[in-house]
Amino acid sequence: MSEGEAEKKRIARLDFTVDDALKSLNKIDKKLEEIANKLSSYGNLEKYGDSALDDVNIDEIIEILDEVEIIAHDKTIDFDSAKHILDDEKMNKALKLIRKFYVYVGARLETENALKILESTDPTKTLDSFKFYNRYIGLIENESQLAKFNKDKTFVFLGSGPLPLTLIMFNKVFDCKCIGIEQVPEVAELSRKVLKRLGLDEKIEIVVGDETIIEKLDYDILMVAALAEPKERVFANIWEYVGENTPVIYRTYTGMRAILYSPVLDKDTRGFHKEIMLLPSGKTNNTSVLIRKIE
């Protein structure tokens, strides 16, 4: 075979590989659009907000979102392919809807578990039954590598929510003092009741406010929840008040897992130096990143 013929065959194989990859990405695009169409049939979140779903059987929505998670966890989709899908303008509407439902389901499951804990005869067992409990175990194991958590440290978590599981687990594993920041007073009050029911109200404190309240707190480690918004403002305010030596950890979504929620962008963390990024494993969705302030 001549060199020219060999080169033609090599190019033909390459063209086939590229064409095959594009077909695969198009299949994923269509699948995500199908999922978004299924979700849209449950209610108009844009028009009516989360209340549009309050009477919906959440298990039906979870079953649909499980299809999204299969795609999100597909190891055959590399970061470049994921970027191609996520940056496609045609996918904006579908991604926006999927992310809204993902946030809604997480918040509703947390709230429902929190309320069950208040009524439970065995609140710890009820907490352990939370759908995503095991995922938090893997997440905490990852994040414990990013800073020195121990009984002498005070850990602040921004965006603690109705079921402050991150705080509960860090306190349980490392015996550190924990403070959660929650900006919705009613949600903060529910989480305080949960902690009291679990006998943790003296070890974990919940304060009401946004990120600017860290100016009034004494702490050693700060963590930012993946759903803390708006990200650019949050990190800009953290930069104003955090010390240069204080480890700041944030949760985000990378690769194909970013279909679940919009990730933290480089522009959001201007003024910080990224030290370590730990990717998720198993069914855990969050990437955990350690940054520090630079002047």
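The values are calculated or read from the model by the stated rules, or taken from the named source; none is laboratory data. As the structure is a computational prediction, the values presented were derived from the model and not from experiment. Here the Cβ is made from the backbone with ideal geometry for all residues, glycine too, and neighbour counts use every protein chain on show. Surface areas here come from the heavy atoms of the whole protein model, side chains and all, with no ligands, DNA or RNA. Shrake-Rupley method; radii C 1.70, N 1.55, O 1.52, S 1.80 Å.
In table form, for the structure just shown:
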{"read-out": "Estimated FRET transfer efficiency (residue 30, residue 217; beta-carbon r; R0 35 Å; 0.05)", "value": "0.15"}
{"read-out": "Surface accessible to a 1.4 Å probe, residue 277 within the full protein complex, Å²", "value": "90 Å²"}
{"read-out": "FRET efficiency, 1/(1 + (r/R0)^6) with R0 25 Å, evaluated for residue 76 and residue 144 via beta carbons", "value": "0.25"}
{"read-out": "Accessible area in the full protein assembly, largest first, 1.4 Å probe, for 74, 59", "value": "59, 74"}
{"read-out": "Zone of residue 83's modelled label, taken as backbone nitrogen in the range 252-279 under 13 Å from a point 7 Å along Cα→Cβ", "value": "255-256, 266"}
{"read-out": "Zone of residue 107's modelled label, taken as backbone nitrogen in the range 222-261 under 16 Å from a point 7 Å along Cα→Cβ", "value": "225-231, 261"}
{"read-out": "Order of exposure, largest accessible area first, which applies to 152, 201 with probe 1.4 Å", "value": "152, 201"}
{"read-out": "The chain, relative contact order [Cα under 8 Å, separation at least 6], %", "value": "17 percent"}
{"read-out": "Protein-only accessible surface order, largest first, of 240, 33, 182 at 1.4 Å", "value": "240, 33, 182"}
{"read-out": "With all protein chains modelled, accessible area of residue 193 [1.4 Å, Å²]", "value": "100 Å²"}
{"read-out": "Residue with peak Gaussian network fluctuation, the chain [Cα springs, cutoff 10 Å], from 76, 126, 252", "value": "76"}
{"read-out": "Rounded accessible area of residue 151 (nearest 10 Å², 1.4 Å probe)", "value": "140 Å²"}
{"read-out": "Length gained when the stretch residue 240-residue 125 is fully extended (0.36 nm per residue, less Cα-Cα span)", "value": "37.3 nm"}
{"read-out": "Estimated FRET transfer efficiency (residue 152, residue 201; beta-carbon r; R0 25 Å; 0.05)", "value": "0.75"}
{"read-out": "Extension gain from residue 40 to residue 266, taking 0.36 nm per residue of separation minus the Cα-Cα distance", "value": "78.2 nm"}
{"read-out": "Gyration tensor verdict on the range 179-295 (Cα atoms; rounded if a/c is under 1.5, prolate if a/b is larger than b/c, oblate otherwise)", "value": "oblate"}
